[in-house]
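Take a look at the structure below.
The values are calculated or read from the model by the stated rules, or taken from the named source; none is laboratory data. Note that the coordinates shown come from a computational prediction; the quantities given were computed from them, not determined experimentally. Neighbour counts are summed over all protein chains in view; Cβ atoms, including those assigned to glycine, are modelled from backbone coordinates with ideal geometry.
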Amino acid sequence: MFELFKPNIEKLKAERDVPGLIRALDYEADKLVRWQAAWALGDLKAVAAVKPLIQALDRDETVRKEAAWALGEIGDPQATAPLLRALRDKDERVRWAAAEALGKMGPAALEPLIRALRDGDWEVRWHVVSALGEIGDLRAVEPLLHALRHEVWYVRLKAARALGQIGDPRATAPLIEALQDVAAVRREAAWALGKIGDPRATAPLIEALQDEHQQVRRRAALALGEIGDARAIGPLTRLLENSGLEREAAEALRQIKA
């Protein structure tokens with residue numbers, strides 16, 4: 001069908017014209033318009049667009065990816081089953097967008113996401129790891145501990161963060177080991193240990209105050225404050241002068257002494 005007028009997605013979004021954006025999802029002349037319409041509907045969290053966006057999961061892979069993302073932003077439970085199907089899409093970009101969206105849908109998606117940790121594409125796996133952290137279910141701890149040993153450091157980083165979000169003490173020892181990983185993973189491991197709050201992490205985090213990377217030292221200082229162990233008072237006090245971490249040390253000490 002010949003399309004006479006090309007939808008102006010920016011204008012439709014500015015006017016919050018949800019019906020107009022839904023119509024733009026069917027603009028066959030330009031898939032970029034359909035992609036932009038899906039994005040705009042997600043950004044507006046337009047509940048009225050859930051069914052049209054579910055239908056868009058059967059379109060071009062670029063549109064499917066954006067439709068999956070949009071459904072996650074809207075967060076309507078009726079999108080869960082279609083997103084679970086999208087988690088098996090032939091295009092890895094659609095699969096990782098579906099994983100990200102399912103992380104916002106709650107525990108109903110937990111088991112399929114755990115199975116998706118075996119996906120052949122590492123980028124899909126790291127989005128799955130992030131989604132499991134968002135859900136925060138204790139049943140994801142063991143699979144995430146396995147992901148903490150993944151060969152790709154970015155997956156390990158996301159696994160460390162997800163374990164911190166869940167906050168289960170079973171992750172304490174593996175996260176302490178992760179303080180010896182690459183700098184980005186060490187940083188997230190320190191953050192996660194602070195969120196878990198297990199005193200077993202106090203001594204390793206005190207040692208991490210001497211890390212060669214400032215962001216690791218910063219996260220370690222803040223984590224010590226969250227744990228609240230008095231053993232950290234001396235090391236943190238020494239950071240109050242000319243360390244570059246004066247603010248973090250002061251905040252951590254405030255938390256410990258509170």
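Among the candidates Ala147, Ala159, single out the residue that is hydrophobic (A, V, I, L, M, F, W, C), farther than 17 Å from Ala86 by Cα and in contact with a His (Cβ under 8 Å, 6 or more places away or on another chain). The unique qualifying residue is Ala159. Might you let me know whether region 47-60 holds any residue that is touching a residue at least 12 places away in the same chain (Cβ under 8 Å), buried (at least 16 other Cβ atoms within 10 Å of the Cβ), closer than 30 Å to Arg125 by Cβ and touching an Asp or Glu at 6+ places or on another chain (Cβ under 7 Å)? Yes, region 47-60 contains a residue that is touching a residue at least 12 places away in the same chain (Cβ under 8 Å), buried (at least 16 other Cβ atoms within 10 Å of the Cβ), closer than 30 Å to Arg125 by Cβ and touching an Asp or Glu at 6+ places or on another chain (Cβ under 7 Å).
Taking the listed residues Arg139, Arg170, Arg125, Arg186, the one that is of a type in the set (D, E, K, R), modelled with pLDDT of 95 or more, farther than 30 Å from Ile206 by Cα and over 15 Å from the mean Cα position of the chain (by Cα) is Arg139, with no other qualifying.
Whether any residue in region 163-174 is of a type in the set (D, E, K, R), assigned to a helix (DSSP H, G or I) and farther than 23 Å from His127 by Cα is what I want to check. For region 163-174, residues of a type in the set (D, E, K, R), assigned to a helix (DSSP H, G or I) and farther than 23 Å from His127 by Cα: absent. Tell me yes or no: at least one residue of region 4-26 is aromatic (Phe, Trp, Tyr), more than 24 Å from Arg115 (Cβ to Cβ) and surrounded by fewer than 15 Cβ atoms within 10 Å (Cβ to Cβ). So far as region 4-26 goes, yes, one or more of its residues are aromatic (Phe, Trp, Tyr), more than 24 Å from Arg115 (Cβ to Cβ) and surrounded by fewer than 15 Cβ atoms within 10 Å (Cβ to Cβ). Considering only region 97-115, I want to know if a residue exists there that is within 30 Å of Ala24 (Cα to Cα) and in contact with an Asp or Glu (Cβ under 6 Å, 6 or more places away or on another chain). Among the residues of region 97-115, at least one is within 30 Å of Ala24 (Cα to Cα) and in contact with an Asp or Glu (Cβ under 6 Å, 6 or more places away or on another chain), which makes the answer yes.
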